[in-house]
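The values are calculated or read from the model by the stated rules, or taken from the named source; none is laboratory data. Not measured: the values here are computed from a predicted model. For neighbour counting, all protein chains shown are included, and Cβ atoms are generated from backbone atoms with ideal geometry for every residue, glycine included.
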Amino acid sequence: MTKKESPGTCHETHDEADRGGCEIARRGFLDQLKCAVAGLAVTAAAYVLPLEGQTALGTEAASIPAIPGYDWSKHRWAYGVDATKCIGCLRCVKACKTENNVALDAHHFRTWVERYVYLDGHEKPLIDSQADPVNIAAAGTEEDYRFANRYNNDDVYKAFFVPKLCNHCTHPACVQVCPTGATFKTMDGVVLIDHNYCIGCQYCVQACPYGARFFDHVRRVTNKCTWCYHRITKGLMPACVEVCPVEARIFGDLDDKESKISQFIKNNRVQVLKPETGNGPNVFYIGLDSEVV
């Protein structure tokens, strides 16, 4: 008498016929496994990482058609931030939301600003942004943004603001993990999302080491800073750069050695955020300390 078998399993028995049946079952299972692996290989082949400016289907991204008068092979865009100048006015944040139709709440931003405050007796800085509940309360509404004066009674020995945004990396992790090619890098160095192909899996949100992506729950797609691609391809500045009253944000073409960004990098000891990730950020900072990540 043999042991009762569970579906899909075989155990050792003393019956020769049962052993033969198990062997056949094993061979059948292996055949099915080979078919499954082959199927996965075919599926994987359909999602080979796209070339720059292409979707996973091998065609140019539907959201970036040919732009009259613009050759994206002749530009290499980059961004600079001077943290010694930023005053935390948050005009950049509001301008970005208005320009790019981002939800007017305290939790969805293409660009944001962090405040770093060092108090006497504290080794680490206190960090907040416009999305902090205290700052929201000070603004009185989620559709306006400001930093509350919460440290007026404290002994502050150093404080500064750090604008953050998508770093449009040279080796973007978000592109590597996108299963449909919706996230891609253009020939001029800008990382974009083709929402015609985005399935809302949020792999890119998890892969970004800078927290620069968010999920749009209304459209069911991911979103992020594009350096206002619709503007820069027409010779304009990103909205956040245009409204900055102290020129803390710098943008330009690295292929133009006289551009503001080229001169910014040439004349300053710049640094990037989280260089150890290997993403190769193209947002260059001055005025940071080791606590900024």
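So here's what we get for this one:
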{"quantity": "Extreme residue, farthest from residue 82 (Cα to Cα), among residues of region 257-291 that are among the β-branched types (Val, Ile, Thr) and within 19 Å of the chain's Cα centre (by Cα)", "calculated": "277"}
{"quantity": "Residue within region 95-117 that is farther than 30 Å from residue 278 by Cα and touching a Cys at 6+ places or on another chain (Cβ under 7 Å) present", "calculated": "yes"}
{"quantity": "Checking residue 122 against (1) out of contact with any helix residue (DSSP H, G or I) (no Cβ under 6 Å at 6 or more places or on another chain); (2) modelled with pLDDT of 95 or more; (3) not in a strand (DSSP E or B), the condition it does not meet", "calculated": "(2)"}
{"quantity": "Search result, residues across region 155-186 that are in a loop (DSSP other than H, G, I, E, B) and either surrounded by 13 or more Cβ atoms within 10 Å (Cβ to Cβ) or of a type in the set (Gly, Ala, Ser) (or both)", "calculated": "166, 167, 168, 169, 170, 172, 178, 179, 180, 181, 182, 186"}
{"quantity": "Close pairs from region 68-85: first touching a residue at least 60 places away in the same chain (Cβ under 8 Å) and more than 15 Å from residue 252 (Cβ to Cβ), partner outside any loop (DSSP other than H, G, I, E, B) and of a type in the set (A, V, I, L, M, F, W, C), Cβ under 6 Å, at least 6 apart", "calculated": "83/160; 83/162"}
{"quantity": "Hits in region 235-247 (condition: within 27 Å of residue 174 (Cα to Cα) and surrounded by 17 or more Cβ atoms within 10 Å (Cβ to Cβ))", "calculated": "237, 238, 239, 240, 241"}
{"quantity": "Candidates 224, 260, 266, 234 - the one that is within 20 Å of residue 112 (Cα to Cα) and either basic (Lys, Arg) or at pLDDT below 95 (or both)", "calculated": "224"}
{"quantity": "Subset of region 165-192 (residues that are under 11 Å from the mean Cα position of the chain (by Cα) and without any contact (Cβ under 8 Å) to a residue 60 or more places away in the chain)", "calculated": "174, 183, 191"}
{"quantity": "Residues of region 206-225 satisfying the condition of being hydrophobic (A, V, I, L, M, F, W, C) and touching a strand residue (DSSP E or B) at 6+ places or on another chain (Cβ under 8 Å)", "calculated": "212, 214, 215, 221, 225"}
{"quantity": "Given (1) under 22 Å from residue 90 (Cβ atoms); (2) of a type in the set (Val, Ile, Thr); (3) under 12 Å from the mean Cα position of the chain (by Cα), index of the condition residue 141 fails", "calculated": "(3)"}
{"quantity": "Residues located in region 260-286, provided they are touching a strand residue (DSSP E or B) at 6+ places or on another chain (Cβ under 6 Å), over 28 Å from residue 176 (Cβ atoms) and not aliphatic (A, V, I, L, M)", "calculated": "260, 264, 268"}
{"quantity": "When residues of region 73-93 are limited to those that are outside any loop (DSSP other than H, G, I, E, B) and surrounded by fewer than 19 Cβ atoms within 10 Å (Cβ to Cβ), the one modelled with the highest pLDDT", "calculated": "91"}
{"quantity": "Identity of the residue in region 134-151, of a type in the set (Gly, Ala, Ser) and surrounded by 11 or more Cβ atoms within 10 Å (Cβ to Cβ), that ends up farthest from residue 112 (Cα to Cα)", "calculated": "138"}
{"quantity": "Verdict on residue 194 being acidic (Asp, Glu) and surrounded by 16 or more Cβ atoms within 10 Å (Cβ to Cβ)", "calculated": "yes"}
